Amino acid sequence: MNEQAIIQDENEIVLDVYGITKSFSDNHVLNGIDLTVRKGEVIVILGPSGCGKSTFLRCLNCLEDPTSGEIIFDGENLADMKVDINKHRRKIGMVFQNFNLFNNKTVLKNITLAPTHIALKELRAKKIKNFFIKIGNFFRKNKKELLIIEKTKKEIIKESNDNAYALLRRIGLEDKANEYPSTLSGGQKQRVAIIRALAMNPKVMLFDEPTSALDPEMVGEVLNLIKEVADDGMTMVIVTHEMGFAREVATRVIFMDEGVIGEQGTPSEVFDNPQNPRTKQFFNAIL
Amino acid sequence: MNLAVKWQIFVSKMASEEYIILIFKGLKTTVKIAVFGLIIGIIIGTLVATVKVAPKYKLIVRILDKICAAYTAFFRGTPMVVQLLFAYYVILPLLGIKGVDAEIVGIITFGLNSGAYVSEIMRGGITSVDKGQFEAARALGLGYGTAMIKIVIPQAIKNIMPTLGNEFITLIKETSVLSFITVTDLFKAFKTIAEANRNYEYLIPYTILGLIYIVLVLIITLLVRIIEKIFAKSDRKAESPKKKAKEKVNS
Ligand SMILES: Nc1ncnc2c1ncn2[C@@H]1O[C@H](COP(=O)(O)OP(=O)(O)OP(=O)(O)O)[C@@H](O)[C@H]1O
Ligand SMILES: [Mg+2]
């Protein structure tokens, strides 16, 4: 094992996946996948079309409910129907092949919608709780302390907007803040989608073929942004067909085949010296 | 009787301003009941459609779904007149409610009836919105309701604007059955005029009535167009080629 891998073994575990399976009626797409994602890792998943890469990624934030298995995130099993999945999804960013920017919202609103909504909801919940504590205190001898409200509604909205503008500035699309997504190019859309996910301060980001729907001349700008975010230390799981990018950015490459992990290792291990005949076959077919 | 005489009779009737007032009152009632009916219809229809498209894991959703299905089947399966008569002459006495304005009964019945149709329209609108929109909202940690209200339903409403316009037109025309429950709508107003002074002369009043309906429908059509235009703002496909070329130079 090389030095980098050893350092990463000591890093905290962000996502721990045990024996994930997923079937659509009698189509068994995932057949038992284990994966431990540590902080700072950039895991690239490769594999032939239809092998279940998207399905696996979508299981990680329960956009698809796994048929069996466990996904441990923040000390809870996301596959358990009882956990508050919304709370955890906020910390798992996802970037889709088709961007999925909200068509009915401006670029700025696309970025601020979720953070603002969630912060305001928490504020409301706190205020309601305080209201009941106050009523209780009326009868209590030793008064209970009120929850501290750090930010007002105004401050929450302002902070969320400022943060969005800072992110837009970073990708050079500040002037598009009040435009609708339909006026953006594909590359711009995907970069906005990436910062929309970033605005939630996720612990891990999932990318499902983020450049597959792009015109070739726009692939570069999106890959560069992903690389930048990775260099900042973001933990990532990326499904992509961009082999050069995978080699450059990945700390670990996973080859998936028929719903299981066929092979994994560092980029050089997997790309230069694949052990699994199916991996070799895959590389021969695409190169 | 020739046309000139008929016209003479109509004009003499209209000389009494009470009938002018009656027409405006009828027009107001027709528009009022159709508008409020549609608003209630959109609210109910949206709620029902949301239940119809919701995943059916939970028992409560399955129960609600059955209730919604029964509701839709009833209101789409029976004529509006029957619903109005039933509400006014059966349900109200049955509940022992007295002194309710027939117009209120009209609005509620129109709303319930329209809700059944709008729920089907809205369901179509919701399914026409790209699934990715909902998934992106959920992936950001927004709940089912928030994702629907903030993202999916606004886009669905945009998609179904023309169909909602048709629903409004239907409601406007259907107000003509309100006279069955003693409401004076536009139709009732002209019927009263036609039969005034025991001088039963229908041709001119009903022709004018028909023309007023046509004008109303044309106005609604125009309004829907305008609203669609406003909505289309968020849908501007690509900017002008000139602006695009400029951007390329800049970048
Ligand atoms: N919602 C669904 N319902 C039924 N079958 C599905 C569904 N989603 C995926 N599948 C099936 O699961 C299998 C794997 O699909 P998936 O999209 O995960 O593959 P993939 O590896 O991402 O392929 P690609 O490289 O083409 O994106 C396919 O056979 C597909 O038909
Ligand atoms: Mg895929």
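The table for this structure:
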item	result
Accessible area in the full protein assembly, largest first, 1.4 Å probe, for A:HIS117, A:HIS28, A:HIS241, A:HIS88	A:HIS28, A:HIS241, A:HIS117, A:HIS88
Sulfur and carbon atoms: percent of accessible area, region B:147-192 [1.4 Å]	61 percent
Restricting region B:1-76 to trypsin sites (Lys or Arg not before Pro) in coil, as DSSP defines it, with at most 12 other Cβ within 10 Å	B:LYS56, B:LYS58
Per-residue SASA entry for B:ARG123, accessible area with 1.4 Å probe, Å² rounded to 10	90 Å²
Packing rank of B:198-208, B:107-117, A:58-68, where each peptide gets the mean count of other beta carbons within 10 Å, highest leading	B:107-117, A:58-68, B:198-208
Gained length - A:SER68 relative to A:ASN137, 0.36 nm times residue gap less alpha-carbon distance	20.1 nm
Region B:3-250 - percent relative contact order, Cα under 8 Å, separation 6 or more	29 percent
Filtered chymotrypsin sites (Phe, Trp or Tyr not before Pro), region B:11-84: DSSP coil and at most 10 other beta carbons within 10 Å	B:TYR57
Accessible surface, region B:39-185, averaged per residue in Å² (probe 1.4 Å)	46 Å²
Leading residue at positive end of dipole, the protein assembly as shown (Cβ point charges), from A:THR55, B:LEU27, B:GLY145	B:LEU27
Charge dipole (debye, nearest 20) of chain A; +1 at Cβ of Lys and Arg, -1 at Cβ of Asp and Glu	2280 debye
Filter on A:LYS87/A:LYS176; A:LYS82/A:LYS121; A:LYS87/B:LYS229; A:LYS189/A:LYS227; A:LYS176/B:LYS229; A:LYS158/B:LYS52 - keep pairs with C-alpha separation over 27 Å	A:LYS87/A:LYS176; A:LYS87/B:LYS229; A:LYS158/B:LYS52
Rounded to whole Hz, the Karplus (6.51, -1.76, 1.60) HN-Hα couplings of region A:186-191, x for glycine and proline	x, x, 5, 4, 5, 5
Total accessible area lost when A and B pair, probe 1.4 Å, Å² to nearest 100	2400 Å²
Contour minus Cα-Cα distance for B:ASN2 and B:ILE20 (0.36 nm per residue)	4.1 nm
For chain A: accessible area per residue (Å², 1.4 Å)	49 Å²
Region B:4-76 and region B:79-119: distance between their alpha carbon centers, rounded to Å	10 Å
Probe 1.4 Å - accessible area at A:ILE148, Å² to nearest ten	120 Å²
Under-5 Å amide H pairs with A:ASN276, H placed in peptide plane, nonlocal only	none
For region A:23-32, Karplus couplings with θ = phi - 60° (6.51, -1.76, 1.60), whole Hz, Gly/Pro x	10, 9, 6, 9, 9, 7, 8, 10, 10, x
Chain B, helix-only ellipticity at 222 nm - DSSP H runs n ≥ 4, -39,500 (n - 2.57), divided by all residues, nearest 500	-24500 deg cm²/dmol
Average beta-carbon neighbours from other chains, 10 Å sphere, peptide A:114-120	3
Environment charge of B:GLY111, counting only residues whose C-beta is closer than 13 Å and scoring Lys/Arg +1, Asp/Glu -1	-2
Shielded by partner chains, region A:78-105 residues - at least 50 Å² of accessible area, 1.4 Å probe, vs chain alone	A:ASN86, A:ARG89, A:ASN100, A:PHE102, A:ASN103, A:ASN104
Net charge over other residues, Cβ less than 11 angstrom from the Cβ of A:ASP34 (K, R count +1; D, E count -1)	-2
Inter-chain shielding of A:178-189 (mean C-beta neighbours from other protein chains, 10 Å cut-off)	3
Cα-based helix-to-principal-axis angle, A:107-139 vs chain A, degrees rounded to 10	40 degrees
Relative contact order for chain A, counting Cα pairs under 8 Å that sit 6 or more residues apart, in percent	27 percent
Inter-probe distance in nm under a simple model that places probes 7 Å from Cα toward Cβ, at A:ASN178 and B:PHE74	4.9 nm
Heavy atoms of B:GLU18 accessible to a 1.4 Å probe, total area in Å² rounded to 10	110 Å²
Cut-off 9 Å between beta-carbons: net charge of the residues surrounding A:CYS51, Lys and Arg +1, Asp and Glu -1	-1
Listing of region B:105-139 residues, each with accessible area lower by at least 40 Å² in the full protein assembly than in the chain alone (probe 1.4 Å)	B:GLN133, B:GLU135, B:ALA136, B:ARG138, B:ALA139
Percent carbon-and-sulfur accessible area, region A:9-138, ignoring ligands, DNA and RNA, probe 1.4 Å	51 percent
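The values are calculated or read from the model by the stated rules, or taken from the named source; none is laboratory data. This structure is a prediction, so every number in the text was calculated from the model and none was measured. FYI the Cβ positions are ideal-geometry reconstructions off the backbone, even for glycines, and counts take in every protein chain you see. Just so you know, the surface numbers come from the protein's heavy atoms only, side chains and all, with ligands and any DNA or RNA stripped out. Shrake-Rupley method; radii C 1.70, N 1.55, O 1.52, S 1.80 Å.
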